[in-house]
Each structure stands twice: as C-alpha cells, then as structure tokens.
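Read through the structure below, which is laid out as structure tokens, and then see the notes.
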Ligand code: AP5
Ligand code: MG
C-alpha cells in the first residue's frame with residue numbers, strides 16, 4: 001500500500017509513520033529526516049537546504065521533488081511518505097512521477113490537530129542524537145532526563161522547535177499546505193484522523209481504516 005501522511009508540524013506524522021510502516025511493512029520516507037541527515041553529514045545537499053530547514057521555510061519544490069523521486073525510484077516495495085508533498089506543485093510532480101513509473105497512490109491520511117496543541121507538542125519534543133527515537137517531555141518522557149531509553153544516546157531539541165520558529169512553520173503550513181489538503185480532498189481518497197488523542201489509539205484508528213489486521 002502506497003500512502004501519504006499529511007499534517008501540520010507536530011501533528012504526529014513521524015510518530016504515526018514509524019508505527020504504521022512497521023505494521024504495513026512499507027518504507028517510511030520523511031523528507032525532514034533526509035534533510036537533517038544531509039545537514040549533519042555536511043553534504044552539498046545539506047548545505048543547500050540548511051538555511052530553509054533551520055528557519056522553518058520550505059525547501060524549493062524542485063529540490064525536494066528531485067530528492068523524493070530519486071529515493072522512490074530506488075525502492076523495490078511500497079512507500080509511506082511523511083512530510084512530502086506539502087505544496088500543490090509537489091503533489092502534481094509526484095503524480096506525474098507515479099504515472100510515469102507505473103506506481104499508484106492508495107490513500108492519503110490527514111492528521112488534524114489544533115495550532116495550540118502543535119506549539120505545546122513541538123516545544124516539548126526531544127529526540128535521540130544517536131538513534132533518532134522520539135520523546136516528549138510531557139506526553140512521552142524518557143526514563144532518565146536527557147538520555148535515550150533505547151540506546152543511552154543524548155537527547156537533543158531540534159533547532160526549528162523554538163516557539164518562534166514553530167509559529168513560522170505554522171504560517172507556512174497555513175499558506176502552502178492547507179491548499180494541498182483541499183486539493184487532495186478534491187482529487188484523492190483522504191482519511192482525516194483526529195490527531196489529538198493518545199498516539200497508540202490514533203495508530204489503531206488509521207490501521208483499522210486502512211484494513212490492516214489488528215495486532
Ligand atoms: P519535517 O521534519 O517534516 O517537520 P514538520 O512537518 O514540521 O513536522 P515535525 O517533524 O515537526 O512533526 P511530526 O508531524 O513528524 O510530529 P512528531 O511525530 O515528531 O520538516 C522539517 C523541515 O524540512 C521543514 O520545515 C522544511 O524546511 C523542510 N522540508 C521537509 N519536507 C519538505 C517538503 N516536502 N517541502 C519543502 N521543505 C520540506 O510529534 C511531535 C511531538 O509530539 C513529539 O515529541 C511526539 O513524541 C509528540 N506526539 C506525537 N503524537 C502525539 C500524541 N498523539 N499525543 C501527544 N504527543 C504526541
Ligand atoms: Mg516529523
């Protein structure tokens with residue numbers, strides 16, 4: 001099953017994509033994670049996108065689309081896209097790529113969450129610098145403050161998770177991604193999930209909607 005997960009910053013795309021991709025045995029592709037890895041490795045792509053990512057602006061459509069289509073072309077199986085597309089232009093490019101390569105999109109899932117909740121979640125987010133495991137000092141605190149439960153790595157805060165940058169990211173979402181949601185609602189089979197509950201319950205809700213067998 002080929003899926004897209006849409007949602008505001010902090011709506012839980014990464015959290016749900018991780019859980020669902022394991023259940024569906026599909027490849028989770030997060031454009032944000034790809035860019036942060038490239039920045040950390042100091043590659044040419046990392047240098048090109050760094051200013052956008054750290055300041056909460058969108059990376060230009062052509063750059064993101066090239067990265068995603070190259071990754072999809074190298075994938076043998078199905079995909080779960082997290083954070084792409086996020087403009088109507090990116091969706092149109094993705095559609096053209098899928099048509100050309102004989103692949104199809106099965107479902108779009110939209111995680112709906114209020115802006116107040118987004119700000120609360122993102123300013124409380126931490127992630128492990130070694131294995132990437134996600135935490136939240138309010139909703140999913142680590143057992144030992146500052147260290148990862150899984151690998152003992154140091155917990156860090158994303159550079160774009162300051163209140164000021166989160167507000168900027170929300171503005172970008174309103175301006176460029178909300179029109180994409182309307183576009184998909186008009187053209188694709190969109191499932192809108194209330195993302196305000198407990199993470200595991202939201203996974204079950206989506207899995208049930210997608211017809212994934214219960215655990
Ligand atoms: P990206 O990394 O995609 O960031 P984002 O869209 O802003 O989303 P986040 O990763 O911040 O949040 P999330 O929805 O994954 O939530 P999470 O599960 O972590 O993009 C970063 C940047 O890269 C962009 O600003 C842009 O510069 C660039 N970029 C990426 N893609 C691009 C594209 N297509 N085009 C152009 N530029 C692009 O959860 C958040 C927190 O909440 C965590 O602490 C988590 O533990 C907690 N949480 C999750 N679910 C729940 C729950 N149900 N209840 C309580 N807490 C919860
Ligand atoms: Mg994410």
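The values are calculated or read from the model by the stated rules, or taken from the named source; none is laboratory data. The model shown is predicted, which means the values in this text are computed figures rather than measured ones. We place every Cβ from the backbone using ideal geometry, glycine too, and count neighbours over all the protein chains shown.
Some observations on this one:
- In the stretch 129-149, residue farthest from residue 188 (Cα to Cα) [restricted to those that are touching a strand residue (DSSP E or B) at 6+ places or on another chain (Cβ under 6 Å) and away from ligand 2 (no atom under 14 Å from the Cβ)]: 146
- Applying a threshold of 8 Å to beta carbon distances and a minimum spacing of six or more residues, or different chains, the list of pairs starting in the stretch 119-133 at a residue that is on the phi > 0 side of the Ramachandran plot and ending at one that is near ligand 1 (Cβ under 9 Å from one of its atoms) reads 132/33.
- Once the stretch 75-86 is narrowed to residues that are out of contact with any helix residue (DSSP H, G or I) (no Cβ under 6 Å at 6 or more places or on another chain), in contact (Cβ under 8 Å) with a residue 12 or more places away in the chain and assigned to a loop (DSSP other than H, G, I, E, B), the residue that is nearest to residue 8 (Cα to Cα) is 78.
- Failed item in (1) within 10 Å of ligand 1 (Cβ to nearest atom); (2) in contact with a helix residue (DSSP H, G or I) (Cβ under 9 Å, 6 or more places away or on another chain), with residue 20 passing the rest: (1)
- Residue within the stretch 74-84 that is crowded, with 18+ Cβ neighbours inside 10 Å, modelled with pLDDT of 95 or more, more than 10 Å from ligand 1 (Cβ to nearest atom) and within 24 Å of residue 185 (Cα to Cα) present: yes
- You will find that of 105, 180, 170, the residue that is in a helix (DSSP H, G or I), in contact (Cβ under 8 Å) with a residue 12 or more places away in the chain, touching a helix residue (DSSP H, G or I) at 6+ places or on another chain (Cβ under 9 Å) and within 28 Å of residue 78 (Cα to Cα) is 180 and no other.
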